[in-house]
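Every number in this text was worked out from the coordinates using simple rules, so none of it is lab data. If you're wondering where the values come from, they're calculated on a predicted model, not measured in any experiment. FYI the Cβ positions are ideal-geometry reconstructions off the backbone, even for glycines, and counts take in every protein chain you see.
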Amino acid sequence: MSRRTIIAGNWKMNTRAADGASLAQGIADAVGENPTVEVVVCPPSVYLSRVADVLAGSAVGLGAQNLYPADDGAYTGEVNAAMLCDSGCRYVILGHSERRAILGETDAQISEKLAAALAGNLVPIVCVGETLDDREGGKTEAVVEEQLRGSLDGLDEARASGVVIAYEPVWAIGTGKTASPEQAEEVHAFIRKLLGELFTDEVAQQMRIQYGGSVKPGNAKELLGQPNIDGALVGGASLKVDDFVAIINAG
C-alpha cells in the first residue's frame, strides 16, 4: 500500500516572529505548489497566526507543538484545538519526549489530547520512543508498546488511519546520534505490527509512521528509504531552509 511521505519540522522554542516568518517563506518558496511529499512546519504557538499568513495559499501545512484537551474554561496559559484551527493549524504534535520528560505528560493525558485533536479535525502526530537506558536494557519494544497502547487508548478503528505516529528514540534527539536505518526500521516494523493488533492489518498499513531523532540531509534518504518509515519529524535541521528542503527532497 502506498503511504504519502510526511515531513514535519518541529521548531520547538527556537524562533522569533521575523526569522520564523522568513523561514516559513523560504520553505514554501522552495517546496512549490505540488510537492510529492506532505510538508508541515510547527512553530511556537505565539507565532502560529504570523506563520499561517506567510503560508497562505502554499502547499506547506501548519502544525502546533501541543494542545490542551478542553473546549474552553479556566485553563490559564493553555490553547485548545479550536484556537489552533482558528490560527490556521491542520496538524498538532502530541506526546513529544521533551513534554513527557520535562513536563511529566502521561500516556493518559496524551490519549485525552488525541481525542480532542481528532474532534477538532486536526491531524495528530503522536510521539513515542525509548531512552538510552531503555535501549541498552533491551526494553525498547516494551517501552514503545506501553506508550503506544496508552497514548492511543480509546481511539476507534474508523479514525485511526488519520493519526500519524512518530518514533523518536530519546537518545537520538538533539544529540547528533541517529538510529541506524536498520535500527529505525526494526522499531517501525514493530510499531506497524502492534497497530495491526490494536486495530486491523488494513488500518496499520494505512497509518504513517515518521522517524525523528537527528535527521539530517546526509542520512535522510537512507532512513526514508526503509519500507516502514513514512516520513520524518525534524528538529534542528528544520530551522535551516536548505537543510529542511534537502530532507523533503530525500522523501
Convex hull around the C-alpha positions of the stretch 116-164: the volume in Å³ per residue is 77 Å³
Relative packing of 167-174, 108-115, which averages over residues the other C-beta atoms within 10 Å, highest first: 167-174, 108-115
If the chain between ASN14 and CYS85 were fully stretched, how many nm would it gain, using 0.36 nm times the residue separation less the Cα-Cα distance? 23.3 nm
How would PHE199, PHE190 line up from fewest to most surrounding beta-carbon atoms within 10 angstrom? PHE190, PHE199
Going from the fewest other Cβ atoms within 10 Å to the most, one would list HIS188, HIS96 as HIS188, HIS96
So, how do all the Cα-to-Cα distances of the stretch 1-98 break down into 10 Å bins, in percent, from 0 on up? 16, 47, 29, 7, 1
Between LYS193 and ASP53, the FRET efficiency computed from the C-beta separation at R0 = 41 Å comes out, to the nearest 0.05, as 0.45
Ordering 231-237, 126-132 by per-residue average of other C-beta atoms within 10 angstrom, highest first, gives 231-237, 126-132
Each label point is 7 Å from the Cα along the Cα-to-Cβ direction; what then is the distance between the points at ASP242 and LYS221, in nm? 1.7 nm
Checking rank on 39-47, 145-153, with mean other Cβ inside 10 Å and highest first, the result is 39-47, 145-153
